[in-house]
1. Pull out all pairs, ordered by first then second residue, where Cβ-Cβ is under 9 Å, the residues are six or more apart or on different chains, the first lies in the range 124-152 and is without any contact (Cβ under 8 Å) to a residue 60 or more places away in the chain and closer than 13 Å to residue 50 by Cβ, and the second is in a loop (DSSP other than H, G, I, E, B) and basic (Lys, Arg).
2. Condition first: hydrophobic (A, V, I, L, M, F, W, C) and closer than 24 Å to residue 22 by Cβ. Now tell me which residues in the range 117-143 satisfy that.
3. State whether one or more residues within the range 13-27 are buried (at least 17 other Cβ atoms within 10 Å of the Cβ), farther than 30 Å from residue 127 by Cβ, at pLDDT 95 or above and out of contact with any helix residue (DSSP H, G or I) (no Cβ under 8 Å at 6 or more places or on another chain).
4. For the structure I just gave you, tell me whether residue 123 is modelled with pLDDT of 95 or more and charged (D, E, K, R).
5. Looking at residue 223, is it small (Gly, Ala, Ser), outside any strand (DSSP E or B) and loosely packed, with under 15 Cβ neighbours inside 10 Å?
6. Between residues in the range 72-87 that are under 17 Å from residue 59 (Cα atoms) and of a type in the set (Gly, Ala, Ser) and residues that are buried (at least 21 other Cβ atoms within 10 Å of the Cβ) and modelled with pLDDT of 95 or more, which pairs lie under 6 Å by C-beta distance while being six or more apart or on different chains?
Amino acid sequence: MNPLLLPVVVAQGLWVRGRTGEIPAAAGPVTGVAAPPGTQDSAASAWRIAVVGESTAAGCGAATHDEGFAGSLARELAGRTGRRVEWSVAGEHGATMRRIRDALLPRLGRELDVAVLLAGVNDVVGHRAPGAWGDDLAAVVDDLGGRAGRVAVAGIAPFDGFPAMPGVLGRYLAERGRALDEVARRVCAARPGALWIDARSLLPMGAEFFARDRFHPSAYGYSRWAAVVADRLAPEQADRLAPE
């Protein structure tokens with residue numbers, strides 16, 4: 001970005017911070033079950049997933065975790081595979097990759113089928129260097145790989161598509177997000193069990209995608225995002241997830 005625009009970025013950042021109030025995390029249980037209608041699938045054959053990360057993992061913008069990303073993903077996968085899906089979530093508003101590595105990973109169980117990481121927005125806003133961020137990401141992905149058969153890393157949501165973002169600031173943060181996404185893509189490519197999923201496939205994002213702060217997803221936004229991730233996960237697990 002043109003260095004002459006940096007004062008504009010700073011001014012717009014302060015303006016957004018002043019106008020965007022903190023939105024609460026989702027309420028309700030942090031575990032749940034989704035089962036396709038009419039199935040007799042037992043708990044013994046359930047597919048187990050976990051979602052970990054920042055405010056989107058914490059369900060900010062949704063009333064409950066069942067309406068947030070974790071519950072939405074479980075329903076999408078149950079519908080695609082015909083299998084019962086047990087989900088759990090460990091999310092925290094404001095969590096960076098370092099915070100996820102140090103504090104959130106220990107909350108997760110083991111013997112998971114899939115672990116999904118939602119992270120990067122706070123590291124973009126905090127100006128984390130791509131190299132240092134990548135080191136923490138690699139450690140997180142390796143830890144998740146020891147807990148789950150498959151690890152999905154969601155790409156950083158495109159800031160220039162957020163209604164809350166003024167134009168110059170949105171483009172600046174989107175550029176930084178793409179730099180971290182490129183690191184994430186390489187980290188996942190080096191690990192056979194890891195999959196990076198580009199969040200720009202969500203574009204265009206209409207007003208209904210967002211919660212009242214115009215920054216976090218709404219229940220509809222989480223459902224749509226979960227469908228994108230499920231589309232990438234379900235085909236790769238077709239053999240494991242076929243009804244018995």
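1. So the pair list comes out as 145/191; 146/110; 151/191.
2. Once the filter is applied, which keeps residues that are hydrophobic (A, V, I, L, M, F, W, C) and closer than 24 Å to residue 22 by Cβ, the range 117-143 yields 117, 118, 119, 121, 124, 125, 133.
3. For the range 13-27, residues buried (at least 17 other Cβ atoms within 10 Å of the Cβ), farther than 30 Å from residue 127 by Cβ, at pLDDT 95 or above and out of contact with any helix residue (DSSP H, G or I) (no Cβ under 8 Å at 6 or more places or on another chain): absent.
4. Numbers: modelled with pLDDT of 95 or more: no; charged (D, E, K, R): yes.
In short, no.
5. Against the criterion (small (Gly, Ala, Ser), outside any strand (DSSP E or B) and loosely packed, with under 15 Cβ neighbours inside 10 Å), residue 223 does not qualify.
6. If the second residue must be buried (at least 21 other Cβ atoms within 10 Å of the Cβ) and modelled with pLDDT of 95 or more, the pairs left are 72/222; 72/226; 74/34; 74/85; 74/87.
The values are calculated or read from the model by the stated rules, or taken from the named source; none is laboratory data. Being a predicted model, the structure only gives us computed values, none of them experimental. Ideal geometry is used to build each Cβ from the backbone, glycine not excepted, and the neighbour counts take in all protein chains shown.
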